[in-house]
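The values are calculated or read from the model by the stated rules, or taken from the named source; none is laboratory data. Small disclaimer: the values here were computed from a predicted structure and weren't measured. Positions of Cβ are generated from backbone atoms using ideal geometry, with glycine treated the same way; all protein chains shown enter the neighbour counts.
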Amino acid sequence: MSIAGSLEAYSLPELFRLLDSGSKSGKLVIQIQSGSVASNAKGAYSIWFYKGRLVGLTTPEERQELIDSIQAKGWLSERVIEKLVPLCPDGRPLGTYFKSIGALTEEQLTELFQVDLDLILKLFEINSGRFIFEDLSNEDKTDVLTHMPCLEMTGISLKGTEVALIALRETNNWDRFSDQLPEESSGLQKLVAQPQYRLVSLELEIWKHANSITPLDTIAKAVKESQMTVQKAAFRLMMSGQVEEVPHANLRAGLVSLRPLPSTSASPISADTQNKQKQEEKKPKATVSLLQNVVGFLRKQF
């Protein structure tokens, strides 16, 4: 099964988050159109995922990029590579195989993976193009791996949401995401008990204020940053699956702070009144779900 669309409708951070949250396996093909921000990138790039994790990249040239990089760095000679490559078991990343026989180290594989990652991060700068995702998630592990470009894979992987977080930290093209930034009046609600990734200081401060009722403009004042800076950092947390936006947080805060008003009557309480109060106390109190329903209703009104 395949899904396709435009990068104007679905941004790469959104796609990476969806593939991660759905633990998808398959190939995400990015077809870059002329006039894109990433002017040096042309053609179709294939980004490979396994259970929501980025595992590799193949470029439009479809060369043996990994093997060429190993040779260019002088780590293995062409003669040695020609002897070793045919011995790599089917469905096993070439990098993993080279490491298992002591031909390459973990540090060297990390350096090779970083080359692919740097190129993928540049793709996050594009502002026009098409995508198609060829879903292999319903196939068994053996069949999935037979579709993977194992000779282009180091064996190192990253969660899709972590890639989105890294890319958004480095992007200069925030105009592309202007319509997706959380509103200043919105709050944030945590989706995980603890941050899944190492956050920078501003992201961590915003995470600490993610209590669903504190709006972003208030958070901006607390951390002494501009509202736009806080909105961008909040968006990074959203796309990395750490938090979700809570619209009209100030309304929710107002509802939560409601308390019964004290009685203005100074007259003694009659026995009938006391009985009525006891009956009222026995009735079920308003639940959190009821409060949430009220908040949901108010959201629709504004």
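Is it the case that residue 11 is surrounded by fewer than 17 Cβ atoms within 10 Å (Cβ to Cβ) and either of a type in the set (Gly, Ala, Ser) or closer than 18 Å to residue 155 by Cα (or both)? Write out each step before concluding.
Working: surrounded by fewer than 17 Cβ atoms within 10 Å (Cβ to Cβ): no; either of a type in the set (Gly, Ala, Ser) or closer than 18 Å to residue 155 by Cα (or both): yes.
Here the answer is no, as residue 11 does not meet what is asked.
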For residues in the range 82-113 being closer than 12 Å to residue 156 by Cα and aliphatic (A, V, I, L, M), which is surrounded by the most Cβ atoms within 10 Å (Cβ to Cβ)?
-> 94
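Those residues that are within 21 Å of residue 170 (Cα to Cα) and either among the hydroxyl-bearing types (Ser, Thr, Tyr) or without any contact (Cβ under 8 Å) to a residue 60 or more places away in the chain (or both), I need them from the range 1-17; list them, please. Before you say what the answer is, go through the steps one by one.
Within the range 1-17, the subset within 21 Å of residue 170 (Cα to Cα) is 7-8, 10-17.
Selection gives 10, 11.
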Has the range 97-111 got any residue that is small (Gly, Ala, Ser) and in a helix (DSSP H, G or I)?
-> yes
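With a cut-off of at least 1 residues that are closer than 22 Å to residue 52 by Cα and modelled with pLDDT of 95 or more, name the helices (runs of 4 or more DSSP H) lying wholly within the range 137-239.
Numbers: elements: 141-147, 160-170, 201-208, 216-223, 227-239.
The helices (runs of 4 or more DSSP H) meeting that bar are 160-170, 227-239.
Does residue 14 satisfy the criteria of being more than 28 Å from the chain's Cα centre (by Cα) and either over 22 Å from residue 129 (Cα atoms) or outside any strand (DSSP E or B) (or both)? Steps first, answer last, please.
On the way: more than 28 Å from the chain's Cα centre (by Cα): no; either over 22 Å from residue 129 (Cα atoms) or outside any strand (DSSP E or B) (or both): yes.
When the stated conditions are applied, residue 14 does not pass them.
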Quick one: how many residues across the range 178-210 are closer than 18 Å to residue 163 by Cα and among the acidic types (Asp, Glu)?
-> 1
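Tell me, which residue of the range 114-133 that is closer than 23 Å to residue 72 by Cα and aliphatic (A, V, I, L, M) is surrounded by the fewest Cβ atoms within 10 Å (Cβ to Cβ)? Step through it out loud before you land on a result.
Here is the first cut: in the range 114-133, the residues closer than 23 Å to residue 72 by Cα are 114-122.
Right, trim to aliphatic (A, V, I, L, M) and you get 115, 117, 119-121.
On the way: 115: 14, 117: 18, 119: 16, 120: 21, 121: 17.
Applying the filter and picking the extreme gives 115.
For residues that are charged (D, E, K, R) and either buried (at least 19 other Cβ atoms within 10 Å of the Cβ) or without any contact (Cβ under 8 Å) to a residue 40 or more places away in the chain (or both), tally how many sit in the range 163-184. I'd like the intermediate steps shown before the answer.
Kept after step one, since they are charged (D, E, K, R), are these residues of the range 163-184: 169-170, 175-176, 179, 183-184.
Imposing the further condition that a residue be either buried (at least 19 other Cβ atoms within 10 Å of the Cβ) or without any contact (Cβ under 8 Å) to a residue 40 or more places away in the chain (or both) reduces the set to 176, 179.
Residues that pass the stated criteria total 2.
Conditions tested, residue by residue: (1) hydroxyl-bearing (Ser, Thr, Tyr); (2) modelled with pLDDT under 95.
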| site | (1), (2) |
| --- | --- |
| 95 | no, no |
| 101 | no, no |
| 105 | yes, no |
| 113 | no, no |
| 119 | no, yes |
| 133 | no, no |
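Please state which one of 79, 63 is within 30 Å of residue 19 (Cβ to Cβ) and either of a type outside the set (Val, Ile, Thr) or surrounded by fewer than 18 Cβ atoms within 10 Å (Cβ to Cβ) (or both).
After applying the criteria, what remains is 63.
Scan the range 56-96 residue by residue and report those that are outside any helix (DSSP H, G or I) and of a type in the set (S, T, N, Q).
Just the residues of the range 56-96 that are outside any helix (DSSP H, G or I), to begin with: 56-64, 73-77, 88-93.
Matches in the range 56-96: 58, 59, 64, 77.
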Residue list for the range 167-200, restricted to those being in contact with a strand residue (DSSP E or B) (Cβ under 9 Å, 6 or more places away or on another chain) and of a type outside the set (Lys, Arg) = 182, 183, 186, 187, 188, 189, 191, 192, 196, 197
Select, from 199, 204, 188, 123, the only residue that is among the aliphatic types (A, V, I, L, M) and under 17 Å from residue 47 (Cα atoms).
-> 123
Would you say residue 190 is under 20 Å from residue 239 (Cβ atoms), touching a helix residue (DSSP H, G or I) at 6+ places or on another chain (Cβ under 6 Å) and charged (D, E, K, R)?
-> no
